[in-house]
1. So B:Q343 fits all but one of (1) within 19 Å of B:S392 (Cα to Cα); (2) out of contact with any helix residue (DSSP H, G or I) (no Cβ under 9 Å at 6 or more places or on another chain); (3) modelled with pLDDT under 80; what number is the exception?
2. So, in segment B:414-454, of the ones that are touching a residue at least 12 places away in the same chain (Cβ under 8 Å) and more than 34 Å from the chain's Cα centre (by Cα), which residue ends up surrounded by the most Cβ atoms within 10 Å (Cβ to Cβ)?
3. What is the number of the single condition among (1) within 14 Å of chain B (Cβ to nearest Cβ); (2) within 30 Å of A:E89 (Cβ to Cβ) that A:G133 does not meet?
4. Taking into account only those residues within segment B:15-35 that are within 8 Å of chain A (Cβ to nearest Cβ) and part of a loop (DSSP other than H, G, I, E, B), which is modelled with the lowest pLDDT?
5. Looking at (1) outside the structural domain of B:G153 (by TED's automatic domain parsing); (2) surrounded by 12 or more Cβ atoms within 10 Å (Cβ to Cβ); (3) modelled with pLDDT of 85 or more; (4) not acidic (D, E), find the lone condition where B:Q386 falls short.
6. Tell me which residues, restricted to segment A:162-215, are of a type in the set (G, A, S) and either closer than 20 Å to A:A29 by Cα or within 14 Å of another protein chain (Cβ to nearest Cβ) (or both).
7. Given the conditions (1) β-branched (V, I, T); (2) modelled with pLDDT of 95 or more; (3) surrounded by fewer than 21 Cβ atoms within 10 Å (Cβ to Cβ), and given that A:T165 satisfies all but one, which numbered condition is not satisfied?
8. Tell me which of these A:L35 doesn't satisfy, since it passes every other one: (1) touching a Lys or Arg at 6+ places or on another chain (Cβ under 6 Å); (2) within 12 Å of chain B (Cβ to nearest Cβ); (3) of a type outside the set (F, W, Y).
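The values are calculated or read from the model by the stated rules, or taken from the named source; none is laboratory data. Model, not experiment: these values are computed from the prediction. Methodologically, a virtual Cβ is constructed for each residue, glycine included, from the backbone with ideal geometry; neighbour enumeration extends over all protein chains shown.
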Amino acid sequence: MTALLTVEGITKFFNQRRVLDEVGFSVRAGEVLGLIGPNGSGKTTLFECLAGLMPADAGTIKSNNKDLAPSKRKEALFYLPDAIFPWAEQTVSWVLGFFRQLYGRSEQQSSMLMETLRLDELMRSRIGSLSKGERKRTLLALGLLTPQPLLMLDEPFDGLDLRQTRDVMTLLKSHAATGRTLMLSIHQLVDAGRVCDRLVMLSAGKVVGEGSIDDLRAQAKLSEGGVEEIFLALT
Amino acid sequence: MRLDGGLVRRKIGTSPNSKRSFWRLVSKEWRELFASRSYWLLLLMIGPLVGHGFITAVGLYAEASGTGGPAALAQGLTPLDGILVPAFGAYDLAATFLFPFVAIRMISAEKQSGGLKLLLQLPGSLATKVGAKALVLLGGWIVTLLPGLLAIGLWKFYGGHLYAPETLNLLLGHFLRAMLSAGFGFAAAALAENAASAAIITLGFTVGTWALDFIAAGRGGFLQQLAAYTPAATLRFFEHGLLRLNIFVAMLAISVAGFALAGIWLHPGRSWRFRLLGTVTLALTLALIMVGANGVRASWDASENRRNSFSRADEAALSQIRQPLRITVVLSPEDPRLTDYEQNVLRKLRRVLPRLEVDYSSSSRTGLFEKPEDHYGEIWYEMNGQRAMERSTIEEVVLEQIYKLAGINPAAHSDENAFSGYPLSVKPRGASWIFYGLWPLLTVAAWWVQNRSR
């Protein structure tokens, strides 16, 4: 698979603290790439730097071997942050309709998403009145309505119960099968292993491993074991 | 579940649909504005505020017109001063204390909820997004003008007189005043971390402009020139029926600069270097525009009684003067003679004499403890190397002195176009019901209906 994006040397300081340390990896077209790491490892900061919503102190993002300036990133990728309450006074129906019309999606596409994410009964509810899981599903629908080649989802399973997590995983895999590339930030390592084609492991702002589970197992010099064991071995 | 993969590769943001995207953003901002409690509170309060101003004004106007007693001089009875300015005074209050918070909410709500992170990734430039917000906010202000327009309608219904140019000029002044508040509110909200900090910045700015107004009064020089551009001072010109091009340009430029500053600071992905450079460039551009505007003397007296102009004969005579005139005023800022002199003489002179320079040389604020050697109360006129002193602040006396120094013949006066005034003794019938009852009721009903329909 060809690289959709190449991330090189992304560094970010908060005051004197280095939160991202020359982060580099590649995103391949059509894959589901997991960005995994414990809380505070810099996943969200990295996503915001990649989306151009936070200035990086160093590093570049390349698409087709050309620098992708922050102002052009929204044409290549869409980032769905975690824990946001956008337009709290508006209804789910209106927000979905707004995105659908803005991106020229059909009502059929929108209806299928609503059905899969079980949003039908929430359509008249306000965003501000939704539970964490309901809000997460609504936001996922918004992300899936966007057309950019790369969709970055920050903690897509956070707030979802077991059944919903399984359904969303299926939905994301199906979405990726249409040719769209997904990059998921996940702190639950087991979830990451189940949904992602490849993983980028982040620890204390550094990339400690990149590749499929088999590749990472080899990097960690383990003969067996899941994502958790690999992560512990590499950090 | 499958989505159309073909759409994935479609280029967005610069697509031919960007015009449609803009109107979708405008529609979203309308919904957000109508979802904002601060806006509904503004709508709810503006009716009774305008009503109070209007009802009181109609009562006082009737008294001055001779209800139950002797009438004041009819020439002094102008609907601009008597009705429009007091009724629309509510809008100055609203633009100072209510409207900035509606503006702040439009930015801060999305900053705090995280909606901004989504908004910034939607099609369209940041300028388009701030533009959509500004457009909606100003549209929202126009909706708040309804009680004011109702007051105008009632006044006409009572048989009152209105002079369209001065009425429209006043409406323009209040619109520009609101634009200033909107621009400043946007900038404060973009700069501050949260809505509370933005509110403090806005209130601090308001108090600062009041202080500047107070300090600069009767001082002359740069400080007084600067104070002419505070929101309260700029509105005053419109309330006097005067449309000055420099004030118009300055109000427009400051407002747009506020929106532009919001655009520079709102995007969290921009570096400090970009923000600082953008801010400095913006400040320099604004300073250049302000300096340029300050040199523009074009103005239009929209008042029916020509209160900002000398008689046409005097204006023709004064327009012959090409030499610079320097006036040194030894009157303190709190001396009523200075106020009288400013309003009746200097304001008019500034419009017709392009090379007028005024120095304020009183050393105290009140003028109560000046010594004889301080020459308190004197007004010196200097032209063609000649100097003359006059204590009077009466228009005719001052003009005679200037004509003498300029060596031109005084103008011959005629009374054919004298303003006769518009006395009207009526009661504000039905106004209380409309402003204190119907308006709040309609506002609450409209809020309820739109709240349910969302």
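1. The one condition B:Q343 does not meet is (3).
2. Going through the qualifying residues, I end up with B:R454.
3. (1)
4. Taking the candidates together, the pick is B:N17.
5. For B:Q386, the exception is condition (2).
6. Within segment A:162-215, A:S174, A:A176, A:A177, A:G179, A:S185, A:A192, A:G193, A:G209, A:G211, A:S212 qualify.
7. (2)
8. For A:L35, the failing item is (2).
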